[in-house]
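Taking it in order: structure first as structure tokens, then the write-up.
The values are calculated or read from the model by the stated rules, or taken from the named source; none is laboratory data. Small disclaimer: the values here were computed from a predicted structure and weren't measured. Note that each Cβ is placed from the backbone with ideal geometry, even for glycine, and that neighbours are counted across all protein chains shown.
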2 protein chains.
Amino acid sequence: MTDRREDGTSKDGRVARGEITRERVLDAAERCFAERGFDAISIRQIAREADVTLGVVGFHGGTKQELFLTVLKRRVETLNALRISRLSALKATERLTLETLIDAYVTPYLEIASRGDPQWRAYAQLVARIVSDERYYLEAGPLYDRVAAVYLDEMERLCPDAGRDQLAALLSLTVASMVSIVASGIRIAGLAQSEVPDSPLAYRDLLLDFCVGGVLRALEPKC
Amino acid sequence: MTDRREDGTSKDGRVARGEITRERVLDAAERCFAERGFDAISIRQIAREADVTLGVVGFHGGTKQELFLTVLKRRVETLNALRISRLSALKATERLTLETLIDAYVTPYLEIASRGDPQWRAYAQLVARIVSDERYYLEAGPLYDRVAAVYLDEMERLCPDAGRDQLAALLSLTVASMVSIVASGIRIAGLAQSEVPDSPLAYRDLLLDFCVGGVLRALEPKC
DNA sequence: GTCTATATGTAGATAGAC
DNA sequence: GTCTATCTACATATAGAC
């Protein structure tokens, strides 16, 4: 933003302008963190990406750590809500099985990762980084694990003879598989010598088969 | 980078002091990169960890990028050889199935990740970072994909009706699941409110069931 | 082979002008 | 609310003394 706005405009304009700038900073940070990771990105690069000056990022985002968490918190509730609402719908229709449960957890993520909105896609990529990196996970994990724990409770109800640690490991494997679809499309394409599909939704059925098949086989004697 | 090693193995066949220093630098870099990632670690920290001065790291490791690749290359052939030899053994005894194939790919990694040697454990953690991060993968991926492609060929032979892209995606999901066991033990323990097992081998059977079950279900109509 | 010293750049953070 | 200017610290990399 090189053009410098005159001060003394209407009062309602002032508030809105700050909010818009703030959004632009968060959007830029989201893209940068997603693409290169927390440590590889400087606040300066985020400022450049947002087309604001360095000071503006500090003003709206605080420290780099705070900015990172703010970026996550802005989105996490939406994803959590999608998962909770799908679960409620399942319970209402009484078609709750391990299969539909996994579908309810995985599909919202795949859908946001496949939306047209590049910010949501960036966010999905960012999530993929978080789960696989202990350092991010320590501060960001709790944002997600509240809902994961709810799903885990349902798994326990469906399969009471399995240990909770075993079910937790299977849910974690499911999550790892899920995010890998978004994060390692390049590897798949490289191995198959094919094209990278423009949407992770292309792998949806395959991913669900993989996760459901995996969970069922691991629980086979007990379920 | 200066070409090192004018070779000082003169005295009764003992390894040169430089070689020992070099190993210590690579070991320290391996631990640091594994624990915190390429971007979060400075060469200074590696030097401190190795108990040498900054210049020594530069002398033995070259630039940071070069050091990173050197760390990987030192180990990768061992892992690749284990996978190839397991595959050969399978083909010799003619017990090659999707199940045993996946076992042959996954087990060597789990075993090195579970060895007493902390350096091998660190390396396993480092591998987990590489597969899930596009930036590392671009330069390190080819080191691994040669062998992955061999396994993929075997999958194709076992299941000729599936597309190569589908098989590649399933192999990639298997790899993602495999490394997640090493990388996200904390998450599993947090969800289950249990202890982190001291060896990823504790999850071996569960992981194999998950991967095999996943691959079989995804290929079900075709195999 | 090892280490000191340093060149050169960039990092995160903020005080204060506008 | 925005941006300039700057502080302090640390980054990578290397030249040259020992």
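Return the residues of the stretch A:166-196 that are of a type outside the set (A, V, I, L, M, F, W, C), under 19 Å from the mean Cα position of the chain (by Cα) and over 10 Å from B:SER172 (Cβ atoms); say none if nothing qualifies. Selection gives A:SER172, A:THR174. Taking the conditions exactly as written (away from DNA strand D (no atom under 16 Å from the Cβ) and either of a type in the set (S, T, N, Q) or not assigned by TED's automatic domain parsing to the domain that holds A:ALA176 (or both)), does A:GLN119 satisfy them or not? Yes: the conditions hold for A:GLN119.
Take the conditions in contact with a Gly (Cβ under 8 Å, 6 or more places away or on another chain), modelled with pLDDT under 95 and surrounded by fewer than 19 Cβ atoms within 10 Å (Cβ to Cβ) and apply them to B:GLY8. Does it pass? Spelling it out, B:GLY8 is indeed in contact with a Gly (Cβ under 8 Å, 6 or more places away or on another chain), modelled with pLDDT under 95 and surrounded by fewer than 19 Cβ atoms within 10 Å (Cβ to Cβ). Within the set A:PRO221, A:PRO160, A:PRO200, the sole residue that is closer than 16 Å to B:ALA176 by Cβ and more than 8 Å from every other protein chain (Cβ to nearest Cβ) turns out to be A:PRO200. Residues in the stretch B:168-213 that are touching a Phe, Trp or Tyr at 6+ places or on another chain (Cβ under 6 Å) and of a type in the set (Val, Ile, Thr): B:ILE181 only. When restricted to residues that are in a helix (DSSP H, G or I) and either surrounded by 19 or more Cβ atoms within 10 Å (Cβ to Cβ) or not assigned by TED's automatic domain parsing to the domain that holds A:ASP133 (or both), the stretch A:183-205 contains 9. Residues in the stretch B:11-21 that are more than 15 Å from DNA strand D (Cβ to nearest atom) and assigned to a helix (DSSP H, G or I) were compared, and the one that is modelled with the lowest pLDDT is B:GLU19. Evaluating B:LYS64 against the criteria (1) more than 14 Å from chain A (Cβ to nearest Cβ); (2) within 15 Å of DNA strand C (Cβ to nearest atom) leaves one unmet condition, (1).
Go through A:LEU126, A:LEU170 for me and flag whichever is more than 11 Å from chain B (Cβ to nearest Cβ) and buried (at least 16 other Cβ atoms within 10 Å of the Cβ). Criteria check complete, one pass: A:LEU126. Residues in the stretch B:142-166 that are under 14 Å from B:LYS222 (Cα atoms) and either touching an Asp or Glu at 6+ places or on another chain (Cβ under 6 Å) or basic (Lys, Arg) (or both): B:ARG157, B:ARG164.
With respect to the stated conditions, B:GLU49 is part of a helix (DSSP H, G or I), closer than 20 Å to B:ALA124 by Cα, modelled with pLDDT of 95 or more and more than 20 Å from the chain's Cα centre (by Cα). Of all residues being of a type in the set (S, T, N, Q) and modelled with pLDDT of 95 or more in the stretch B:146-192, which is farthest from A:LEU206 (Cα to Cα)? Just the residue, please. The selected residue is B:SER180. There is no residue in the stretch B:87-99 that is of a type in the set (A, V, I, L, M), within 20 Å of B:GLN119 (Cα to Cα), surrounded by 19 or more Cβ atoms within 10 Å (Cβ to Cβ) and more than 16 Å from DNA strand D (Cβ to nearest atom). All of (1) within 16 Å of DNA strand C (Cβ to nearest atom); (2) β-branched (Val, Ile, Thr); (3) surrounded by fewer than 18 Cβ atoms within 10 Å (Cβ to Cβ) hold for B:VAL57 with one exception: (3). Please go through the stretch B:53-81 and give me each residue that is hydrophobic (A, V, I, L, M, F, W, C), within 30 Å of B:TYR105 (Cβ to Cβ) and near DNA strand D (Cβ under 8 Å from one of its atoms), ordered by number. Across the stretch B:53-81, the qualifying residue is only B:LEU67.
Filtering A:ALA29, A:ALA50 for residues that are more than 14 Å from chain B (Cβ to nearest Cβ), touching a residue at least 24 places away in the same chain (Cβ under 8 Å) and within 13 Å of DNA strand D (Cβ to nearest atom) leaves a single hit, A:ALA50.
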